[in-house]
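First up is the structure itself, then whatever we jot down about it.
Read the figures in this text as sums done on the coordinates, not as results from a lab. As the structure is a computational prediction, the values presented were derived from the model and not from experiment. Because the Cβ atoms are built from the backbone with ideal geometry, glycine has one as well, and the counts that use them run over all protein chains shown.
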Amino acid sequence: MNSPHAPHAAIALLAHRIPFVSPNPIPSPPSQESLNPTLPFVTVTYAQSLDGFIALPDRRPLTISCSESFAMTHVMRTMHDAILVGVGTVLGDDPRLTSREDILGVEGVAAVKRARGEPDGAGLHHPRPVVVDSTLTKFPYQTSRLMGHPRGKPIVLTTTRYSQERRTTLESLGVEVVVCADSRDGADGDTAQVDLSDGFCKLHAHFGIRTIMVEGGARIIGSLLRRRKSSTDKSEQLVAPQLVVVTVAPTFVGNGVKVIELTGESKVVGGSEGLVQLADVEYRQFGRDMVVVAGVKMS
Ligand SMILES: NC(=O)C1=CN([C@@H]2O[C@H](COP(=O)(O)OP(=O)(O)OC[C@H]3O[C@@H](n4cnc5c(N)ncnc54)[C@H](OP(=O)(O)O)[C@@H]3O)[C@@H](O)[C@H]2O)C=CC1
Ligand SMILES: Nc1nc(O)c(N)c(N[C@@H]2O[C@H](COP(=O)(O)O)[C@@H](O)[C@H]2O)n1
């Protein structure tokens, strides 16, 4: 598959699996009266080597995707209202989290705008950046490229453990701070971390965000691929992403960071118990990479 065709192939693969791609009204926050805990549509995505690594040892970033699968990732960015990463990824990668015309190419940009029902002259859609930081003390606001994001300053999801001093600083710079419920389900065991399902509900309720692309890193993705019950929804429904998109590159890395690193008893038991199960799986080749697209069984 040639690079100029990759955006078209990605649109064909993904547009029918992600809601609200077309038509695309500017989302407005729901009214205060309807602040029920509505979960947005959540896509989890990452790229891994054939032996399952997403980064190098010491969490150093690694380029895994080829140009065609990178184009697929950037098409996905244009199809979501928000893009979310953990603070570990911000510290390690200093990502931009924009949709890039140089990666999509002229034809790809035009195809994306058509898929979104936008006129040719419209600017390319960028998802709003969202960072997860339990205390607000790690987000490197003085250096992060996210502070210059074209969709505006990032939203930071935090817990009740947040630093008030840092909140004041961040808000004075235009960063939106959202205090979420505390969770002890995360990878870090006993320390309270952000209850991601509560965070997703609040992104919907306060900012009208209907679709979220979770791009990393390892701990955030690991938290989302574990089976959890909602703390905000009395129905005890399973909280899971609705779509999982994984790029698998034909390379071996040998050592580094994996998305799911079981600890404690789970490590001994192993197997897929306790992790989400996939459904409606599709496979496509993008350049030299294979892309797996799957829904999640909700029972
Ligand atoms: N190949 C790929 O596709 C990608 C690779 N990466 C790689 O992943 C690595 C970064 O991953 P990682 O270090 O795990 O960092 P993450 O980006 O996953 O951020 C993890 C941090 O987020 C905070 N956090 C708050 N609430 C939660 C929660 N509920 N669950 C999990 N974390 C939570 C925690 O810090 P605190 O409690 O202090 O707030 C935690 O340490 C980098 O090496 C990067 O290159 C990243 C993205 C994509
Ligand atoms: N799809 C994909 N393939 C890779 O090989 C990667 N290393 C990543 N990394 C993710 O992309 C972020 C960087 O984004 P910008 O180019 O700066 O916008 C990085 O932080 C990871 O989330 N993704």
If you wrap a convex hull around the C-alpha atoms of segment 134-176 and split its volume per residue, what is the figure in Å³? 61 Å³
Label points 7 Å out from Cα along the Cβ direction at Ala12 and Lys297: separation in nm? 3.1 nm
Compute the relative contact order of segment 70-195 as a whole-number percentage, counting only Cα pairs closer than 8 Å that sit 6 or more residues apart in sequence. 23 percent
Of Lys153/Lys202; Lys138/Lys202; Lys202/Lys258; Lys138/Lys258, which sit over 25 Å apart, Cα to Cα? Lys202/Lys258
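Pulled fully out, how much extra length does the chain show between Thr63 and Ser163, if you take 0.36 nm times their separation in residues and subtract their Cα-Cα distance?
Details: separation 100, 0.36 × 100 = 36.00 nm, distance 3.40 nm.
Taking 0.36 nm per residue and subtracting the Cα distance, the gain is 32.6 nm.
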For segment 46-127, report the convex hull volume of the alpha-carbon atoms normalised per residue, in Å³, without decimals. 98 Å³
At 0.890 mPa s and 25 °C, Stokes diffusion of segment 75-216 via Kirkwood alpha-carbon radius, µm² per second: 155 µm²/s
Cα-based Debye curve of segment 166-223 sampled at q = 0.15, 0.27 Å⁻¹ gives log₁₀ I(q)/I(0) of -0.55, -1.15
Is there a quick way to get the dipole size of segment 127-218? I mean about its Cα centre, with the Cβ of Lys and Arg at +1 and of Asp and Glu at -1; what is the value in debye to the nearest 20? 420 debye
How high is the relative contact order of segment 42-129, given as a whole-number percent (alpha carbon pairs under 8 Å, six or more residues apart)? 31 percent
